[in-house]
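Here's the structure we're looking at; comments come further down.
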Amino acid sequence: MPDFVTSYLGSTLTPGEAGNQFWALVYVFVIFAGVSLAVMSMNWLERKALAHFQIRLGPMRTGPHGLLQPIADAIKLLLKEDIIPAGADRFVFWVAPLIGLLAAFTVYTVIPFGPSQAVSDMNIGILFMLGVSSLGVLGVVVAGWASNSNYPLIGALRSSAQMVSYEVAMGLAVVSAILMTSLNETGTGTLSMIGIVRAQQEQGVWFIFKFFPLGLIAFIVFAIAMVAETNRAPFDMAEAESELTAGYHTEYSGLRWSLFMLAEYAAMISVSSIAVTLWLGGWMRPFSRLLRGSAWDLIFSLFPAVTFMGLAAVAFVGVVRMPRRSDFKVQKIGLAVFGWLLGFIALMLLIIAIAGRSNGAAIPSTVNQSIGYIYWFLLKVAVFMYLFIWYRATWPRYRFDQLMRVGWKVLLPISLTVLVATAIVGILLS
Amino acid sequence: MNSAINATNATMAPVATPYFFYGLATLAIVSAFLVITRRNVVHSALALIVTLLSVAGLYLMLYAPFVAGVQIIVYAGGVMVLFLFVIMLVNIDRSYKEKRFSGLWPIGLAAASALFTLFLFAFIKGRALFPDRMMLLPESSNTQQIAGLLYGDAGKMGQYTFAFEIASLLLLVAILAAVVMTKKRA
C-alpha cells in the first residue's frame with residue numbers, strides 16, 4: 001500500500017487518464033471535504049471582513065475571534081425545524097436545493113489544481129464546466145416556484161433572466177480565451193482545462209496579458225459576468241433583502257437553506273477557478289519564465305511555508321493582544337493552539353520544500369512540486385474569493401433594468417468585439 | 001515508480017458498458033413518458049430535463065463528449081430555463097381543469113408506430129450496415145474531429161462547411177427577427 005501511494009505521488013497523470021478508479025475516488029473525497037471546509041472558512045471570513053469594512057468587530061464570542069462560528073452555525077442549522085410550507089409542491093421543494101448542490105459540486109471533477117491534480121482531464125473540460133454550472137440556475141428557479149409564494153417567485157424570475165443573460169457574455173469571453181490556445185504550431189486549440197493551462201505555459205504568457213489589452217478586456221467581462229452568474233452583490237437581485245425578503249429561498253429553513261448557501265459558495269469557488277485557469281495561468285507560479293533557475297525555484301517553493309508562518313504569526317499577535325482577564329483564558333489557549341497548528345503546518349511545508357529538492361530524497365521532489373502547484377492555484381482562487389467580499393462591501397445593488405442593460409448592451413458587444421479582434425490579431429500574427 | 005499506475009492502465013476496460021446504455025435509455029424513456037402524463041406542467045418540464053440529460057449521457061457513452069456538452073449547455077441549461085421561465089407564470093390551477101389529450105391521439109399513435117416500424121425494418125434489413133462491435137475512437141480527439149468536419153482541415157474545406165454556414169445564416173436571420181419583433185415602434 002505505501003508503495004502504491006508513493007507510485008501515485010510520482011505520477012504525471014490524472015486518475016481519470018490513468019483509469020485508476022480508487023485514486024479518482026480518493027480525489028473526489030479530498031475535493032469534497034476541501035470545498036466544504038473552504039465554504040465554512042469563507043463564511044467566517046466574509047462575516048469578519050464585512051464587519052471590519054463597516055468598522056464593527058463581527059463574530060467575537062464563539063471561540064477566539066469567532067473562529068468556531070461556522071461550526072456553531074452548522075450545528076444550529078442542523079437542529080433547526082425543517083419547515084415545508086403548506087401550499088408548497090413538496091417533491092419539487094425537496095429536490096430544488098439538491099439540483100443546485102449537485103451542479104455546483106459536479107464541476108469540481110475537471111478543475112485542475114495542478115498538471116496531474118484533477119479528478120479527470122476531460123476533452124471538453126471548459127464546456128462541461130459551463131454546461132453543468134448553468135444547471136445550477138434550475139435549482140434556483142424551481143425553488144422559487146415550488147415555494148408557492150410571491151417573493152420567491154419574483155426572485156426566481158429575476159435570477160433566471162439574469163443568469164441566462166450573463167451566460168451569453170460569459171461564454172463569448174471564454175471563447176476568446178479558448179481561441180488563444182490555438183496559437184501554436186499545429187493551429188489546434190483545446191477545451192481541456194489542463195490543456196488550456198499548458199497552452200499558456202507553452203506560449204510563455206498568461207492569457208490575461210496576451211494581445212494586450214484584448215485578454216484583459218475578456219477577463220474583465222468574465223469577472224463581471226461571474227459575479228452575476230453566482231447571484232452575488234452587487235448583482236444579488238434574486239435575493240435582494242430590502243425588496244424580496246430573501247428571494248428564492250425565503251421559504252427555506254434549516255438544513256435545506258444551508259444547502260443553498262453551500263451551493264452558492266461552491267459555485268463561487270468554481271467560477272473563480274475557471275477565471276484562474278483561463279486567464280491567470282492556473283497552477284503556474286508568477287514569473288515562471290522571467291525568474292527561472294534553481295535558486296528562484298527554491299525561493300518560490302518556500303512561499304507556502306512562509307504563508308502559513310505569516311498566519312501563525314497573526315494568531316500569536318492575537319494571543320498577545322488578548323485582554324489579560326481570567327475569563328479570556330480559554331480563548332487565549334485556544335488561539336495559541338490554533339497558532340501552533342498553523343506553525344506546525346508551516347514547518348512540515350518547510351521540511352518538504354528543503355528536503356524534497358533533489359531526486360532520490362526520502363520525499364520525492366514531485367511532492368514538493370505538487371504542493372507548489374496547488375498552493376499557487378488556491379492562492380489565485382483565494383484572491384477572487386476576497387474580491388467577492390470586497391464587491392459586496394463596496395457597491396450598492398443594481399436596479400434590475402440597469403442589470404439587464406449592462407448585460408446585453410455593454411458586456412455582450414464588448415465581448416463580441418474582443419472575440420473578433422482576437423481572431424483577427426491571431427491570424428495576422430501567426 | 002509508475003508501475004502501479006501502468007498496471008491499472010494496461011487492464012483498463014472501456015467504461016461504457018451495455019448496462020450504462022440500458023440504464024440511461026430506461027431513464028430517458030420513463031422520464032419522456034412522465035413529460036406527457038404529468039398534470040403539473042412544472043413536473044413535466046423537470047422530467048424533460050431528466051430526458052435531455054440522459055440523452056447527453058448516451059452521447060457520452062458513444063464517445064462523443066462534445067455533443068454531450070453542447071446538449072447540456074443548449075437544451076438542459078438554456079432552453080429549459082426559458083421554458084420554466086414561461087411555465088412559472090402560467091396559472092396551474094386552470095391547466096388542471098383543461099382537457100388533456102385532444103382527439104388527435106390515434107393519428108399520433110399511428111405516426112409513432114410507423115416510425116417504430118421503420119426503425120425496426122432498417123435494423124433487421126440493414127443489419128449488415130451496422131458495425132458488429134463498437135468502434136473505440138479516442139475520446140481525446142472528438143472535438144478536434146468535429147472542428148475538422150465543420151471548418152475544414154489544413155486549408156481544405158470541411159465536409160459540412162457549406163451546410164454549417166447556411167444553418168448559421170438561418171440562425172442569424174432568426175435572431176434578427178426576434179430583435180425586430182421586440183423593438184418598440186416609435
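The values are calculated or read from the model by the stated rules, or taken from the named source; none is laboratory data. Just so you know, these numbers come straight off a predicted model, no measurement behind them. A quick note on method: Cβ atoms are made from the backbone with ideal geometry, for glycine too, and the neighbour counts reach across all protein chains shown. For accessibility, only protein heavy atoms count, side chains too; no ligands or nucleic acids. Shrake-Rupley method; radii C 1.70, N 1.55, O 1.52, S 1.80 Å.
The B and A chains share an interface that buries close to 2900 Å² of accessible area, total over both sides, probe 1.4 Å. Figure note: B:Arg127, A:Arg56 ranked by solvent-accessible area, largest first, 1.4 Å probe, ligands and nucleic acids not counted: B:Arg127, A:Arg56.
Measuring with a 1.4 angstrom probe and ignoring ligands and nucleic acids, B:Phe162 comes out at about 140 Å² accessible. Scalar couplings 3J(HN,Hα) for the stretch A:404-417, obtained by applying the Karplus form with A = 6.51, B = -1.76, C = 1.60 to θ = phi - 60°, are 5, 5, 4, x, 8, 9, 10, 5, 5, x, 4, 5, 5, 4 Hz; x denotes Gly and Pro.
Treating r as the C-beta distance of B:Asp153 and A:Phe32 and R0 as 45 Å, the FRET efficiency rounds to 0.65. Relative to the globular-protein estimate of 2.2 N^0.38 Å, the Cα radius of gyration of the stretch A:158-317 stands at 1.31. Quick one: net charge of A:Lys210's neighbours, Cβ under 15 Å, K/R +1, D/E -1? Result for the neighbourhood of A:Lys210: +1. Each peptide among A:159-169, A:138-148, B:105-115 gets the average number of other Cβ atoms lying within 10 Å of its residues, and from highest to lowest they stand as A:138-148, A:159-169, B:105-115.
Using the Cβ-Cβ distance between A:Thr245 and A:Leu98 with R0 = 30 Å, the FRET efficiency computed as 1/(1 + (r/R0)^6) comes to roughly 0.85. Rounded to the nearest 20 debye, the dipole size of the protein assembly as shown about its Cα centre is 1180 debye, using +1 on the Cβ of Lys and Arg and -1 on the Cβ of Asp and Glu. Projecting the Cα positions of A:Trp145, A:Gln200, A:Ala355 onto the charge dipole of the protein assembly as shown (unit charges on Cβ atoms of Lys, Arg, Asp and Glu, taken about the Cα centre) puts A:Trp145 furthest along the positive direction. Look at the alpha carbon pairs under 8 Å that are at least 6 residues apart: their mean separation over the length of chain A gives a relative contact order of 21 percent. With Cα atoms as the point set, the radius of gyration and Dmax of the stretch A:59-173 evaluate to 18.3, 51 Å.
Taken over the stretch A:326-430, the percentage of Cα pairs per 10 Å bin, counting from 0 up to the bin with the maximum distance, is 11, 16, 22, 20, 19, 11, 2, 0.
Over the alpha-carbon set of chain A, divide Rg by the Kirkwood Rh and report the Rg/Rh ratio to two decimals.
0.98
In plain terms, the chain from A:Ala393 to A:Val306 could stretch by 28.4 nm, reckoned as 0.36 nm per residue minus the Cα-Cα distance.
Figure the gain on full extension for A:Ser430 and A:Ile374 (residue separation times 0.36 nm, minus the Cα-Cα span) and round it to one decimal in nm. Could you put the intermediate results ahead of the total?
On the way: separation 56, 0.36 × 56 = 20.16 nm, distance 3.30 nm.
Result for the pair: 16.9 nm of gain on full extension.
Our coupling estimate for the stretch B:49-56, obtained by passing each phi through the Karplus curve with A = 6.51, B = -1.76, C = 1.60 and θ = phi - 60°, is 4, 4, 4, 4, 5, 6, 5, 4 Hz, Gly and Pro reported as x.
I need the peptides A:397-408, B:29-40, A:196-207 ranked by packing, meaning the mean over residues of other C-beta atoms within 10 angstrom, with the highest value on top.
Put in order of decreasing packing, that is A:196-207, A:397-408, B:29-40.
Couplings for the stretch B:32-40, taken from phi via the Karplus curve 6.51 cos²θ - 1.76 cosθ + 1.60 with θ = phi - 60°, read 5, 5, 5, 4, 8, 9, 5, 7, 7 Hz in order; Gly and Pro are left as x. The mean count of C-beta atoms from other chains within 10 Å of the C-beta of residues in A:128-137, rounded to a whole number, is 5.
Ignoring aspartates and glutamates fewer than eight residues from B:Lys183 along the same chain, the ones with Cα atoms less than 20 angstrom from its Cα are A:Asp401.
Rounded to the nearest 0.05, the FRET efficiency derived from the C-beta distance between B:Leu169 and B:Val30 at R0 = 41 Å is 0.60. The residues of the protein assembly as shown expose on average 55 square angstrom of accessible surface per residue, using a 1.4 Å probe on protein heavy atoms.
Partners of A:Lys329 within straight-line reach, counting lysines whose Cα lies under 29 Å from its Cα and excluding those fewer than 8 residues away in the same chain: A:Lys48, A:Lys76. For A:Arg324 and A:Ala86, compute 0.36 nm times the residue count separating them, minus their Cα-Cα distance, and round to one decimal in nm. Length gained between A:Arg324 and A:Ala86: 80.3 nm.
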